[in-house]
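The values are calculated or read from the model by the stated rules, or taken from the named source; none is laboratory data. Only a predicted model underlies this, so the values are computations on that prediction, with no experimental measurement involved. Please note: Cβ atoms are built from the backbone with ideal geometry, for glycine as well, and neighbour counts cover all protein chains shown.
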Amino acid sequence: MTADTPTDYRSPLLGRRGAVAAEDPDEGVAVHYGEPVAEQRALERGIGVVDLSHRGVVTVTGPDRLSWLDTLSSQWVRDLSPGQSAELLLLDTRGHIEHAPAMVDDGETSFLISESSDAAGLAEFLDSMRFMLRVEITRRTDLGILATSSAGPALTAPDGTELLSWTDPWPRVPEGSTRYGPDGADHPGSEWQVQYWITPRADVPAVVQGAESVGARVAGVGALEAFRIAAWRPRLAREVDDRAIPHELDWLRSAVHLHKGCYRGQESIARVFNLGKPPRRLTFLHLDGSEHIIPVPGDAVMNGERQVGVVTSVARHHELGPIALALIKRNVAEDAQLMIGTIAAAQELIVAREGVGTGRPESNRPNLRRRKL
C-alpha cells in the first residue's frame, strides 16, 4: 500500500467571512457561514454547495479491484459500471459495522469515500486483505469532497470538465435488498438525493467559485446534517457504535445485497434477517423546542426512570425545528413518553418495532442458509 502522510486538514473556505468551524466529526470545515437557515434553504432548492473536503478518500486500482471488493463487502459491486454509485459495508465476523464507504468507479479506479476519522483504518484493513490479488490501495489525502443536491447543476474542475461524482442511493431499495421501514413516497428521504463530487483539495476554492458564478451558494455541513437527519439517513460517525448492526439502522436498504454469497459477517446478516428482532432500532425524534436548547449526541433517552437509548444525531431543521436520531431498545412503545434531560421527544419509527425486514425477495432464501466463514 502507498499512503500519503496524514495531516490535520483545514478547509480554505473557513477563511470566508462568517464561517464557523464545525466540531468533531466534521473538524476542518465550516458548520455554517453565518446564515444556517438560508444555507439549508439553498441546499433544498438545489443551489447549495457544501464543503466536505475533510472527508477521507481511499482508491483501489488494479484489474481485480471490483471482484475483490465484492468478496469483502455486503454489496454486489463486481459488475459496477463506470460512473455508477454504490454503498457498501465492511463488517466484522459478528456482523457489526466497521466501515461504510460510498463507492464510485471510473473504469480504472474505485474511489471509496469515508469519514475523515475512518480513512486510515479503511486503507489498513483493505491492505491486510490483498493477499495475491492484483490490487493497489492508496489513502488519498490530496483529494476532497464537495456535496450538492443531485437536483443542482454539475460541478466542474477549473478546466471546465465535469467532476466524478457519487449519488447517494438512500432510501431506494434496489433488487436484492430489503427494508425495515417505509418505502416510496412514505419515506421522508424519498426526496433526499445528495451528490459527492471528488476534486483535488487544492481546487476546492476554484470549484466553489465556479459554482457560485452560475448561481450556487456555499452552505455549511450543518445544513447537510439537518437534511440527513430529516431523511432518516444513518452515518458511520454518528449512528454506529461498536455493536451496531445494519438491521438496527435500516441500512440493508441501500448497502446490503441479500443475493450475495459469503462475506465476512454474512452469517449474522442472514440470521437476523431470517429471525428478525434486532436488539435496538433507530428512531427519529421530534424535539420540544420551547426550552430553546437541544440535546447533544451521547445524551441518554429516558422513558420514566429507565434509560432506553442514546441520542446519535441532532440538528435544527429550518421547517421541522429541533430533530434528532436515537438508537433505542427495540421494544420501546411507539407512543412512549421519552425525555432527553428536560426535553420531551416524540417518535417516528424508522425501524419497525417487530424488527422484521419487509419487501423480502423470496429468491433470497437459498442464499441465506447458515454457512461457515
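Looking at segment 253-283, which of its residues are surrounded by fewer than 16 Cβ atoms within 10 Å (Cβ to Cβ) and either polar (S, T, N, Q) or within 28 Å of residue 24 (Cα to Cα) (or both)? If you could, list the steps in order and put the result at the bottom.
So the first thing to find is which residues in segment 253-283 are surrounded by fewer than 16 Cβ atoms within 10 Å (Cβ to Cβ), and the list is 259, 261-262, 271, 274-277, 279.
Within segment 253-283, 274, 279 meet the criteria.
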- prompt: Quick one: what pairs do we get from segment 2-27, first residue more than 20 Å from residue 218 (Cβ to Cβ) and at pLDDT 95 or above, second surrounded by 11 or more Cβ atoms within 10 Å (Cβ to Cβ) and among the aliphatic types (A, V, I, L, M), C-beta under 8 Å, 6+ apart or different chains?
  reply: 25/237
task: Pick out the one residue from 147, 42, 120, 154 that is under 22 Å from residue 241 (Cβ atoms), assigned by TED's automatic domain parsing to the domain that holds residue 171 and not β-branched (Val, Ile, Thr).
output: 120
message: Checking residue 137 against (1) out of contact with any helix residue (DSSP H, G or I) (no Cβ under 6 Å at 6 or more places or on another chain); (2) assigned to a strand (DSSP E or B), only one condition comes out false. Which one?
response: (1)
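If I ask for residues that are in contact with a strand residue (DSSP E or B) (Cβ under 9 Å, 6 or more places away or on another chain), in a loop (DSSP other than H, G, I, E, B) and farther than 21 Å from residue 110 by Cα, which ones from segment 38-97 would you list?
46, 47, 92, listed by residue number.
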Hey, residue 237 under 23 Å from residue 31 (Cβ atoms) and either touching a residue at least 12 places away in the same chain (Cβ under 8 Å) or assigned to a helix (DSSP H, G or I) (or both) or not: yes
task: Specify which of the listed residues (77, 104) is among the β-branched types (Val, Ile, Thr), within 19 Å of residue 199 (Cβ to Cβ) and surrounded by 21 or more Cβ atoms within 10 Å (Cβ to Cβ).
output: 104
field: Tally, over segment 112-161, of residues that are farther than 20 Å from residue 208 by Cβ and modelled with pLDDT of 95 or more
entry: 22
- request: Return only the number of the condition from (1) surrounded by fewer than 15 Cβ atoms within 10 Å (Cβ to Cβ); (2) over 21 Å from residue 251 (Cα atoms) that residue 139 does not satisfy.
  value: (1)
query: Is there a residue being of a type in the set (A, V, I, L, M) and over 26 Å from residue 270 (Cβ atoms) anywhere in segment 63-76?
result: no
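Considering each of 284, 273 in turn, give the residue that is outside the structural domain of residue 78 (by TED's automatic domain parsing), within 24 Å of residue 193 (Cβ to Cβ) and of a type in the set (Phe, Trp, Tyr).
284
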query: Looking at (1) in a loop (DSSP other than H, G, I, E, B); (2) farther than 29 Å from residue 322 by Cα, can you tell me which one residue 190 breaks?
result: (2)
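Against the definition (more than 19 Å from residue 102 (Cβ to Cβ), in a loop (DSSP other than H, G, I, E, B), among the small types (Gly, Ala, Ser) and not assigned by TED's automatic domain parsing to the domain that holds residue 91), how does residue 268 come out, yes or no?
Values: more than 19 Å from residue 102 (Cβ to Cβ): yes; in a loop (DSSP other than H, G, I, E, B): no; among the small types (Gly, Ala, Ser): yes; not assigned by TED's automatic domain parsing to the domain that holds residue 91: yes.
For residue 268, the condition - more than 19 Å from residue 102 (Cβ to Cβ), in a loop (DSSP other than H, G, I, E, B), among the small types (Gly, Ala, Ser) and not assigned by TED's automatic domain parsing to the domain that holds residue 91 - is not met.
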query: In the set 56, 48, 62, 18, which member is on the phi > 0 side of the Ramachandran plot and touching a Lys or Arg at 6+ places or on another chain (Cβ under 8 Å)?
result: 62
- request: Run down 171, 182 and say which single residue is farther than 27 Å from residue 62 by Cα and modelled with pLDDT of 95 or more.
  value: 171
- request: Go through segment 284-340 and count every residue that is touching a helix residue (DSSP H, G or I) at 6+ places or on another chain (Cβ under 6 Å) and either under 20 Å from residue 241 (Cα atoms) or surrounded by fewer than 16 Cβ atoms within 10 Å (Cβ to Cβ) (or both).
  value: 4
Restricting segment 145-183 to residues that are of a type in the set (Ser, Thr, Tyr) and assigned to a loop (DSSP other than H, G, I, E, B), the residue that is surrounded by the fewest Cβ atoms within 10 Å (Cβ to Cβ): 161
- request: Report yes if some residue within segment 345-361 is within 30 Å of residue 38 (Cα to Cα), modelled with pLDDT of 95 or more and either hydroxyl-bearing (Ser, Thr, Tyr) or surrounded by fewer than 14 Cβ atoms within 10 Å (Cβ to Cβ) (or both); otherwise report no.
  value: no
message: Given the options 217, 235, 253, name the one that is under 13 Å from the mean Cα position of the chain (by Cα), in the same structural domain as residue 186 (by TED's automatic domain parsing) and among the charged types (D, E, K, R).
response: 235
